[in-house]
Amino acid sequence: MPLISYMSRIQFDFGALRLLPGELALLGVQRPLLVTDPGVRAAGLVDRVLAALDGTPPPVFEDTPSNPTEAAAEAALALYRGHGCDGVVALGGGSAIDLAKAVALLATHPGSLGDYGIRGGGSQRIREIAPVLAIPTTAGTGAEVGRAATLTLKGGRKIACVSLRLIPKTAICDPELTLSLPPLMTAATGMDALSHGVESYLSTWVNPPAAAIALDCVERAGRWIERAVSHGDDRDARWQMLMAALEGGLTFQKSLGAVHAAGHPLGALGYHHGTLNAILLPPVLRFNAPAVPEKIARLKATLGLAPADDLADWIERLTRRIGLPTKLSELGLDAALIPELAEEASHEHLSETNPRPATAADYRHILEAAYV
Ligand SMILES: [Zn+2]
């Protein structure tokens, strides 16, 4: 049975950002590097963090690409070393947090990022990294408590670094910071959170505490996502969605499944991760349902659906109501790429924990169903 492990320190509520100086002191961090992205800066959130930190303003790396890269990690590392930093504060969505993890890894390890990918056995080489404190500004990825960092290497290859040591030491989850998130971003990141709950609940790994958290994630995200999209200033809805995202991240240790396996090669083409998951969930659920009927029934009950309702149909209608595309063709994907994408999906490590074994041919059918 896989390891059960909870190790994050989490400060969660409106106004939690004011706890930042004390939390950094607890970590022994005196000179943090702040890693963020231009959108977060434009939304005024960097200024709020700087205001929360009294004293000398920290160096800021704000060039996190929407899909983080090794080159960006090395540029941020140069800033980290140039200023004699001793820890990283990540402010943003999954990209900024993943980049911060990579910087903290490179700051304390020899070689380059390519040496630490899960595929090449690099996880065993990951020792203690520099302390990371994560402050999410979207409610979706759960990266603030997650153990993975996914980056694109200089050669174009995508790698996932996965280790318990990559989990941020502290997460400060302040729903105040998500109030200005635009509706489409709220919808896409929120569907990512929902997909984490659904996929980890259905995965083959046995981890009852994570399964319980996954169900709570599903209930919260399913109940509140529409409200958070339609009324972005609803503080209750924002609190609930940030909690659902956090719970989704806490369940990663129960692994995921075919939605994320099929989503990764598509994500490499530049499509938004959460949007892809929203599109892929219904066809993957239709594929998985015969293998796990009792779990599907439990998910439906959790969401308040009647036994006769179809979970996949319900998710498709929800996705449409919150303004997201429901088909890959709407993203402009070239259908000719499907066989190659299906092949790649079947080799993804997350495919191994899908409740129904999926071959490349299965992924082709799933992607074709997701296309039109
Ligand atoms: Zn995800």
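The values are calculated or read from the model by the stated rules, or taken from the named source; none is laboratory data. In this text the structure is predicted, and so the values were computed from the model without any measurement. Quick reminder, even Gly has a Cβ in these numbers, built from the backbone with ideal geometry, and neighbours come from all protein chains shown. Just the protein is used for accessible areas: all its heavy atoms, side chains included, with ligands, DNA and RNA removed. Shrake-Rupley method; radii C 1.70, N 1.55, O 1.52, S 1.80 Å.
Quick notes on this one:
- Taking every residue in region 350-372 that is surrounded by fewer than 20 Cβ atoms within 10 Å (Cβ to Cβ) and pairing it with any residue that is of a type in the set (S, T, Y) and assigned to a helix (DSSP H, G or I), at least 6 positions away or on another chain, the pairs with Cβ-Cβ distances below 7 Å are T359/S346; A360/S346; Y371/S329; V372/S329.
- Scanning region 311-349 for residues that are open to solvent by 70 Å² or more (accessible area, probe 1.4 Å), of a type in the set (D, E, K, R) and within 24 Å of T204 (Cα to Cα) yields E343, E344.
- Any chance L77 is outside any strand (DSSP E or B), out of contact with any Phe, Trp or Tyr (no Cβ under 8 Å at 6 or more places or on another chain) and closer than 25 Å to R127 by Cα: yes
- Here the helices (runs of 4 or more DSSP H) wholly within region 200-312 that include at least 2 residues being over 30 Å from D174 (Cβ atoms) are 258-267, 273-288, 293-302.
- Selected residue (criterion: surrounded by the fewest Cβ atoms within 10 Å (Cβ to Cβ)) from residues of region 243-254 that are away from the ligand (no atom under 12 Å from the Cβ) and within 30 Å of A361 (Cα to Cα): Q253
- R147 fulfils the conditions (1) away from the ligand (no atom under 16 Å from the Cβ); (2) open to solvent by 10 Å² or more (accessible area, probe 1.4 Å) except for a single criterion, (1).
- Count of residues meeting criterion [open to solvent by less than 10 Å² (accessible area, probe 1.4 Å), within 16 Å of the ligand (Cβ to nearest atom) and of a type outside the set (V, I, T)] in region 200-231: 7
- L285 falls short on exactly one of the conditions (1) away from the ligand (no atom under 13 Å from the Cβ); (2) over 12 Å from I366 (Cα atoms), and that condition is (2).
- Every listed requirement among (1) under 24 Å from L164 (Cβ atoms); (2) outside any loop (DSSP other than H, G, I, E, B); (3) touching a helix residue (DSSP H, G or I) at 6+ places or on another chain (Cβ under 9 Å) is met by G111 save one, (2).
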